[in-house]
Amino acid sequence: KTGVLTLGQIDTRTILPEHMPWHKRPLSTLMQRIDQAKARDLPIRRTALPEGDFKLVQATVHVHTKQSDGMGTVTSISEKAKAGGQEVIVFTDHNHLAARDGVKPGDKRIPDQDVPVIAETPKWYSQQFAEAAQQTEPGKFVALIGSEMGTIGKVGNPHQGGKNHFLMLEMPQFFEAVRHKKTTLETLQEPVRRLFGLKPIPETVPPQVVKYNDGDMKGLISHIESNGLKDTAGKDPVFIMAHPRWSQDHSKSLPAGTRGADYGRYSYKTKEEWRASTDKYFRQIEVIKGQALNPNEVVEVGAKDIDFTSFKGYINDGFHVSPTVGRDAHFGNPLGNPAETGILVNRLDKNSVLEGLRERRTIATTNMERLNGTVVANDRFQMGSILDQAVTPDLKLSTRIGGIVDDAAEYTFRLWGDKKTGDRTFAAVMQEEKMTGQQLAGSGNEFSFAKVRHQLGNKGAYFVEVLRKDPGTGHTDHMYAAPFWVEPLSGGGKHSLFMKFMAGTGANTYLPSPIGG
C-alpha cells in the first residue's frame, strides 16, 4: 500500500504524574513541565531520515484463531497479513471456557474447532507466543499476543454490564475469566460487599494462569499491581476498549443506577475511583468496527461502522484513549476489511510497537490506502501527548495527509474540542475547513488549523477528524487521530511561582479565557 507517512524525530514523553507513586509526583510534574517548556520552540523535522525516523505502520488489531472461536493459527494468519502488506498484527483470543458458544452447527468455522480453547488448555497461550516470535521479523513485521478479556453482559444490568470485552496485550500470564453462578444469598449481599470493597481478588493457579471473577475489573487490576505483574516489555500492560457501546450503556431508558456499567465500572465504589484506577491501563478504544462475525470480505466501511459517540463519551469521562480499528476477525482473514489502525513507531519491533500503543500514537481510518495521516501540536508534540497547560495553553494542530491524494478528491478537516472533560458535554467541532486534493497537494499534503487557547484550570482534549470524498465512487472515508490532552498536571488549576520560575513560564501565564478559533 502506498503513501503511509514517515516523520522525523518527535517528542513522545507523556507520563501522567497521577500514575506515579505519590512521593514521586511533585518531581515528576516539575520535570515534565520543564521538559515541555524547553520543547516549545523546537520544530519537528518533517523530512525522511535514514535513522531514528517515526513511521506510521499498518496494523491489524483484534484477531481470533482456532484456539478460541476463529479460524487458522498465529502462523497461518500472520503469513496472510504479511502477504497483504500488514506490518503489525495483534492476536486476542477469548479467555474463558465458553469462547465457542457462538459457533453453531453449519458455521464456516466448525472444521477449525479441532483443538480445545485456551482456557481449557493454557499451553496454547505459550504456543502462541512462540509462533508470534517466529513470525516476527524486526524491521518488517511484528506479531503480538493478547487476550480478549471476559464476556459481554447485558446492558443495564450492573452485575453483567461491566463484562464488556477489553483487550489486554502481551501479558506472560494467562488470565481466565471465571463464571460463577451466584446463590440467592450472594446476590443479596453483593451491593453491601461492593460498597465496602469486599469483592474477592483473583486466585493464582499454577502454572502461569490467573483466574479472576468475570467482570471484576477492580480485582483484576488489584492482582496485577499487588503482584507487580508486567507485560513482556517489562511495563504496565496496554488495555484496549473493545466494541464499546456508549449509547446503549448510557441510555436514559435504563435506571440511573445501572447506566455506564461497562468495563468494570460497578466493581468500584464510585465512578471516579473506577476511572482513576483503569485510565492507567486503557490506552485505546475501538472507534471503527471491523469484520467481526461477517465471513464475507467488506469492500467499503461506512458511517454505520463508526462509533464516534463512544469515542467522545469515554474522552469526556476522563479517559486518555486513542482510536483504533477493531478488526475482530473470526474467519482467518486479517485483510477482510479496508479499515486499519495506524501506529506511529520509531522502530518496527515488538517493544517499539507496544510503546507506540502505550503512548497513544494511533489513528483509525476506514481505508489506509486512500486516507492516513498524523497530527502534531505546535510543530513539536505528537498525537496522543498529554500537555501541561502551564507551558502549552495555546495549541496549533497541523495534519499531514498520506494515501491517495487525487486532485479531484474532496477533503474536510475538522478540529474537535472537549473543552472540559467530565462535564457531560461531548466534544464539538471548533474549526472546519474544506479543500480539494489539488489544493492539499499544493500545500505539501499538510493542513494547519488556527491556534486555539485552552482555558486554564480545565482538563481538555482536542483531536482531528479528516474526511475524504472519492471523486470516482463518491464514497467518503473517515480518519480519526489520537487526541491531545491539555491538563493541569499538578492535579489542579494553580501553579506555584516556584514551578513557573523553574519551567521558565512566568511570561506565559494566562488568565482564564475562552477557547477561540
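Would you mention how many residues in region 283-329 are of a type outside the set (Phe, Trp, Tyr) and open to solvent by 10 Å² or more (accessible area, probe 1.4 Å)? Please lay out each step first, then the result.
Taking region 283-329 as the starting set, the residues that turn out to be of a type outside the set (Phe, Trp, Tyr) are 283-307, 309-310, 312-313, 315-318, 320-329.
From what's left, open to solvent by 10 Å² or more (accessible area, probe 1.4 Å): 283, 286, 289-300, 302-307, 309, 312, 317-318, 328.
Summing the residues that are of a type outside the set (Phe, Trp, Tyr) and open to solvent by 10 Å² or more (accessible area, probe 1.4 Å) in region 283-329 gives 25.
Could you grab me the full set of residues in region 474-493 that are at pLDDT below 95 and either open to solvent by 30 Å² or more (accessible area, probe 1.4 Å) or out of contact with any Leu (no Cβ under 8 Å at 6 or more places or on another chain) (or both)?
Passing the criteria: Ser490, Gly491, Gly492, Gly493.
If you take the residues in region 215-239 that are open to solvent by less than 20 Å² (accessible area, probe 1.4 Å) and in contact with a helix residue (DSSP H, G or I) (Cβ under 8 Å, 6 or more places away or on another chain), which one is farthest from Arg424 (Cα to Cα)?
So the residue we want is Asp231.
Residues checked against (1) in contact (Cβ under 8 Å) with a residue 40 or more places away in the chain; (2) within 25 Å of Lys289 (Cβ to Cβ); (3) surrounded by fewer than 23 Cβ atoms within 10 Å (Cβ to Cβ):
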residue	(1), (2), (3)
Ala59	yes, yes, no
Gln67	yes, yes, no
Ile77	yes, yes, no
Phe91	yes, yes, no
Pro105	no, no, yes
Arg109	yes, yes, yes
Gln113	yes, yes, yes
Pro122	yes, no, yes
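Leu456: part of a loop (DSSP other than H, G, I, E, B), in contact with a Phe, Trp or Tyr (Cβ under 9 Å, 6 or more places away or on another chain) and either farther than 19 Å from Gln284 by Cα or of a type outside the set (Ser, Thr, Tyr) (or both), yes or no?
When the stated conditions are applied, Leu456 passes them.
Could you tell me which numbered condition Lys304 fails, if it satisfies all but one of (1) charged (D, E, K, R); (2) at pLDDT below 95; (3) within 29 Å of Thr421 (Cα to Cα); (4) not in a helix (DSSP H, G or I)?
Tallying (1) charged (D, E, K, R); (2) at pLDDT below 95; (3) within 29 Å of Thr421 (Cα to Cα); (4) not in a helix (DSSP H, G or I), Lys304 fails exactly one: (4).
Pairs only if they're at least six apart or on different chains, beta carbon under 9 angstrom, first in region 333-357 and under 21 Å from His478 (Cα atoms), second of a type in the set (Gly, Ala, Ser) and surrounded by fewer than 21 Cβ atoms within 10 Å (Cβ to Cβ); list them, first residue then second.
Listed pairs, sorted by first residue: Pro334/Gly84; Leu335/Ala83; Leu335/Gly84; Leu335/Gly85.
How many residues are free of Cβ contacts under 8 Å to residues at least 40 places away in the same chain, farther than 21 Å from Thr309 by Cβ, part of a strand (DSSP E or B) and open to solvent by less than 60 Å² (accessible area, probe 1.4 Å) when one looks only at region 423-448?
2
Evaluate region 494-510: report whether one residue or more is at pLDDT 95 or above and part of a loop (DSSP other than H, G, I, E, B).
no
Any idea which residue in region 149-172 is nearest to His62 (Cα to Cα), counting only those that are among the charged types (D, E, K, R) and assigned to a loop (DSSP other than H, G, I, E, B)?
By that ranking, first place goes to Glu170.
Do you know which residues across region 366-398 are closer than 30 Å to Val298 by Cα and of a type in the set (D, E, K, R)?
Glu369, Arg370
Which residue is surrounded by the most Cβ atoms within 10 Å (Cβ to Cβ), if the candidates are limited to region 205-214 and must be in contact with a strand residue (DSSP E or B) (Cβ under 8 Å, 6 or more places away or on another chain) and within 15 Å of Gln173 (Cα to Cα)?
Tyr212
Scan region 273-301 for residues that are assigned to a helix (DSSP H, G or I) and more than 16 Å from the chain's Cα centre (by Cα) and report the count. Outline the logic, then answer.
The first filter runs over region 273-301 and keeps only residues assigned to a helix (DSSP H, G or I), leaving 273-278.
From what's left, more than 16 Å from the chain's Cα centre (by Cα): 273-274, 276-277.
Result for region 273-301: 4.
Any idea which of (1) in a loop (DSSP other than H, G, I, E, B); (2) at pLDDT 95 or above; (3) open to solvent by 50 Å² or more (accessible area, probe 1.4 Å); (4) of a type outside the set (Asp, Glu) is the one Ser247 doesn't satisfy?
Status for Ser247: all satisfied but (1).
Within region 272-307, track down each residue that is within 17 Å of Arg245 (Cα to Cα) and free of Cβ contacts under 8 Å to residues at least 24 places away in the same chain.
Answer for region 272-307, where residues must be within 17 Å of Arg245 (Cα to Cα) and free of Cβ contacts under 8 Å to residues at least 24 places away in the same chain: just Lys304.
The values are calculated or read from the model by the stated rules, or taken from the named source; none is laboratory data. This structure is a prediction, so every number in the text was calculated from the model and none was measured. Cβ sites come from the backbone with ideal geometry, for glycine too, and all protein chains shown count toward neighbours. Just so you know, the surface numbers come from the protein's heavy atoms only, side chains and all, with ligands and any DNA or RNA stripped out. Shrake-Rupley method; radii C 1.70, N 1.55, O 1.52, S 1.80 Å.
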